[in-house]
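What follows is a short report on a single structure.
Values in this text are rule-based calculations from the coordinates and carry no lab data. These numbers were taken from a predicted model, which means no experiment stands behind them. As a convention, Cβ positions derive from the backbone with ideal geometry for all residues, glycine included, and neighbour counts pool all protein chains shown.
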Amino acid sequence: MDWGSPEFVIAIIAISTAGWIVNNWIRAKHGYELENEWGGKTAKTSPDEHRKIELLSNENAQLVGKIDRLQERLQVLERIATDPAKRTADEIEALREKN
């Protein structure tokens with residue numbers, strides 16, 4: 001066998017690639033981080049992390065809604081506090097008459 005032949009070079013490349021694939025398969029099977037082709041690591045994500053992100057996103061949306069409602073209520077209170085007494089009293093009376 002000639003060590004410089006193209007078949008030998010192709011065989012070395014195929015063996016190296018197969019070894020890399022088997023190595024990553026074993027690491028993925030056992031939950032280790034995987035290496036990408038540049039030697040960096042890619043973290044394994046679990047379904048629990050996706051569920052946690054979804055729950056936090058929903059909670060964030062609920063809190064944003066509450067903050068918006070509180071800001072609206074604060075604006076009403078500020079308007080009541082800064083308006084002249086006559087107009088405020090008239091508005092309160094108008095609201096009482098509706099009920």
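Numbers for the structure displayed
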quantity: Per-residue HN-Hα couplings for region 51-61 [Karplus 6.51, -1.76, 1.60; θ = phi - 60°; Hz; x = Gly/Pro]; calculated: 5, 5, 5, 5, 5, 5, 5, 5, 5, 4, 5
quantity: Computed magnitude of the charge dipole of region 46-99 (debye, nearest 20; Cβ of K, R +1, Cβ of D, E -1); calculated: 160
quantity: Per-peptide average of other Cβ atoms within 10 Å, ordering 21-27, 53-59 highest first; calculated: 21-27, 53-59
quantity: Dimensionless Rg ratio for region 46-99, taking C-alpha atoms and the 2.2 N^0.38 Å reference; calculated: 1.98
